[in-house]
Amino acid sequence: MPRSLRPPRADDLGLRRALSDRLLPLVVASMTFLAALALAGAGAASGLAGRWRGGAAALLTVQVPNPTAPAADGASRAFAVSQALAASPAVASARALTAGDISTLLKPWLGTDAVALSVTLPAVFDVRLKDAAADANALDTALSRAAPGTLVERNGPWLERLTVLAASLKACAALAVAVVALVATAVVSVATRAGLAGRRDAIEIVHGLGATDRLIAGKFAGRITILALAGSLIGLAVAIPVVLGLAQLSAPFQTMSAAPRTPASLLSTLPTPLWAALAALPVAASFIGWGTAQATVRLWLARLP
Amino acid sequence: MVRLDGVGLRYGRADAPAVLRDLNFAIPAGGFRWLLGPSGAGKTSLLRLLTLAVRPTAGRLELLGAAIETAGRRDLPPLRRRIGMIFQDFRLLPHLSAFDNVALPLRLAGRPEGQVRADVEEMLRFVSLTRRGDARPAELSGGEQQRVAIARAVIGRPQLLLADEPTGNLDDTQAERLMQLLMELNRIGTTVMVATHSTGLVARYPGRELVLEEGRLVCDGAAPEAS
């Protein structure tokens, strides 16, 4: 290359040899791969828990004791409750369990002849609310007015456990990403120190010629950033097919459909926030590389006058 | 320009032996000094002090108008760019060509690349290395490396030029040219200090002498008459 065309990022310190383009990108690629899996796992668990939580929160079980007894309007109590459920704006659907359904439910406790017992069994309704956050108290009041003594069972304890489970999974994923970031920081720091040791003489020479800490640290940080970015892009390229494969495996749990998906539909399976988080990984890796290299070199240079 | 007032220097711990003790002398702007003394007398340590490679551990050092013992780290790089140093062991960057080694001080000072190229080519021509500009130090002889080091030290027109045995690897002709260059730079206002063991060189270019022995200044003046 003619001397007049000297590149602006000329390698005055010989960092291309001191900071190898093999080991550091490989380690960063591995870290990125692990971080991508952690993020995908957290996203999937959170989505799954959200679906379960949403479904359970919207489900109610309504029991009407003495269902055949007359209600205030003269009709049976069960009929009065079914009318009240149909009239409620909060209810999406309500299904009365048949005698066969109730017999199946009670079979583990009462055997096959439950319906033949002299005890009057309550009428049972499976109710799905339009919105999990619907005003269930208003429904309680309406049902009690229709048939006093009607019981409404919610899934509160289950919801609480699912919420805790989702939060725990997210916390574990965040911890995994934090550990990966810490390990990446340590690896970059060690690589930078190795580069400093390998170029000690060159650094002392340019320092003696008037190079500032900013210039020397900038040279190291620039090289490390390029290597970290390259490594993270490689790691991401490897991680995305794996994440899509896991999405294919978990599809039946997510959509209750086991039908095989096309690659194009798999891409849309991953939620937008997860795509955004995956896209941020190379940016984060570059930032970790740049910041760690800057700090390590400046700390090292502080020993020089 | 250069003023030392009770300057001392130790390497490492506070109880380590002093390599320089109670130095007191001054060199005005445009002055010339020979730095003489036996091996181990402290000449190289004094040059390291004056190139700001170390700071004094005692006394006051004033350099190019700045009090070094109190100056912040950020104040030193601009001062270093005003100081040229010719090292005994050349201290060239092995992965850079001769051209890029010579260009380094100008690039660190942020000079435009076009000006860098013109100045470096002129300097390489002066030290007779025009055709060796693309060679790396390992491909150059000891004398050629010395000339690259000289070119790098003077290309930035430093206000203070220090040299440690600068003619040690040069033939008589090149040594003569170097001394004439140093004298010319001194004549136009550069302060020059040259450390040497060569009595012949000192005899050919008489000048004021600083003589060190065991880290102490034992003479600041003309060479003592031989008895």
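The values are calculated or read from the model by the stated rules, or taken from the named source; none is laboratory data. Because the structure is a prediction, the values reported are computed rather than measured. Glycine gets a Cβ as well: all are built from the backbone with ideal geometry, and neighbour counts include every protein chain shown.
A residue that is touching an Asp or Glu at 6+ places or on another chain (Cβ under 9 Å) and under 24 Å from B:Asn24 (Cβ atoms) cannot be found anywhere in segment B:87-98. Of the residues making up segment B:135-171, those that are under 18 Å from B:Asn101 (Cα atoms), more than 13 Å from chain A (Cβ to nearest Cβ) and under 10 Å from the mean Cα position of the chain (by Cα) number 4.
Residue-wise test of (1) within 39 Å of the chain's Cα centre (by Cα); (2) at pLDDT 80 or above; (3) under 19 Å from A:Ala94 (Cα atoms).
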| residue | (1), (2), (3) |
| --- | --- |
| A:Leu129 | yes, yes, yes |
| A:Arg145 | no, yes, yes |
| A:Arg154 | yes, no, yes |
| A:Thr185 | yes, yes, no |
| A:Val188 | yes, yes, no |
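Within segment A:190-222, the set of residues being of a type outside the set (A, V, I, L, M, F, W, C), within 14 Å of another protein chain (Cβ to nearest Cβ) and assigned to a helix (DSSP H, G or I) comprises A:Gly195, A:Gly198, A:Arg200, A:Asp201, A:Glu204, A:His207, A:Gly208, A:Asp213, A:Arg214, A:Gly218, A:Lys219.
Of the listed requirements (1) closer than 17 Å to A:Asp140 by Cα; (2) more than 38 Å from the chain's Cα centre (by Cα); (3) touching a residue at least 24 places away in the same chain (Cβ under 8 Å), A:Ala90 misses just one: (2). The residues in segment B:86-124 that are more than 7 Å from chain A (Cβ to nearest Cβ), farther than 15 Å from A:Ala10 by Cα and within 18 Å of the chain's Cα centre (by Cα) can be counted, and the count is 7.
Go through A:Ala178, A:Ala239, A:Ala184 for me and flag whichever is under 29 Å from A:Leu281 (Cα atoms), of a type in the set (A, V, I, L, M, F, W, C) and surrounded by fewer than 20 Cβ atoms within 10 Å (Cβ to Cβ).
Exactly one of A:Ala178, A:Ala239, A:Ala184 is under 29 Å from A:Leu281 (Cα atoms), of a type in the set (A, V, I, L, M, F, W, C) and surrounded by fewer than 20 Cβ atoms within 10 Å (Cβ to Cβ), namely A:Ala178.
Flag set for B:Thr70, criterion: out of contact with any Cys (no Cβ under 6 Å at 6 or more places or on another chain), more than 9 Å from every other protein chain (Cβ to nearest Cβ), under 27 Å from B:Pro17 (Cα atoms) and among the hydroxyl-bearing types (Ser, Thr, Tyr). B:Glu184 meets each of the listed conditions (1) modelled with pLDDT of 95 or more; (2) within 15 Å of B:Arg33 (Cα to Cα); (3) not hydroxyl-bearing (Ser, Thr, Tyr) apart from (1).
Listed here are the helices (runs of 4 or more DSSP H) enclosed by segment B:1-116 that have at least 1 residues being surrounded by fewer than 17 Cβ atoms within 10 Å (Cβ to Cβ): B:76-80. Pairs meeting the criteria (first residue in segment A:288-299 and farther than 18 Å from A:Arg200 by Cα, second residue assigned to a helix (DSSP H, G or I) and of a type in the set (Ser, Thr, Tyr), beta carbons under 6 Å, at least 6 apart or on different chains) are A:Ile288/A:Thr185; A:Gly289/A:Thr225; A:Trp290/A:Thr225; A:Thr292/A:Thr185; A:Thr292/A:Ser189. A:Val28 meets the conditions (1) modelled with pLDDT of 80 or more; (2) within 14 Å of chain B (Cβ to nearest Cβ) in every case but one. The failed one is (2). Residues considered: A:Ala94, A:Ala171, A:Ala138. Of these, the only one that is modelled with pLDDT under 85, of a type in the set (Gly, Ala, Ser) and out of contact with any Gly (no Cβ under 6 Å at 6 or more places or on another chain) is A:Ala138. Within segment A:231-250, residues that are farther than 16 Å from A:Leu24 by Cβ have Cβ atoms under 9 Å from residues that are basic (Lys, Arg) and not in a helix (DSSP H, G or I) in these pairs: A:Ala247/A:Arg261; A:Gln248/A:Arg261, counting only partners at least 6 apart in sequence or on another chain.
When segment B:37-60 is filtered for residues that are away from every other protein chain (no Cβ under 14 Å) and either over 28 Å from B:Thr167 (Cα atoms) or within 14 Å of the chain's Cα centre (by Cα) (or both), the ones remaining, listed by number, are B:Lys43, B:Leu46, B:Ala58, B:Gly59, B:Arg60.
Go through the residues of segment A:290-303 one by one and say whether even a single one is modelled with pLDDT under 95, loosely packed, with under 14 Cβ neighbours inside 10 Å and not in a helix (DSSP H, G or I). The answer is yes; a qualifying residue exists.
Listed here are the residues, each with its yes/no results for (1) within 22 Å of B:Pro78 (Cβ to Cβ); (2) at pLDDT 95 or above; (3) touching a strand residue (DSSP E or B) at 6+ places or on another chain (Cβ under 9 Å).
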residue	(1), (2), (3)
B:Ser97	no, no, no
B:Val102	yes, yes, no
B:Pro105	yes, no, yes
B:Pro112	yes, no, no
B:Arg117	no, no, no
B:Val127	no, no, no
B:Arg131	no, no, no
B:Ser141	no, no, no
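Contact map, segment A:8-30: first residue assigned to a loop (DSSP other than H, G, I, E, B), second residue at pLDDT below 80, Cβ cut-off under 9 Å, separation 6 or more or different chains; pairs are A:Asp11/A:Arg17.
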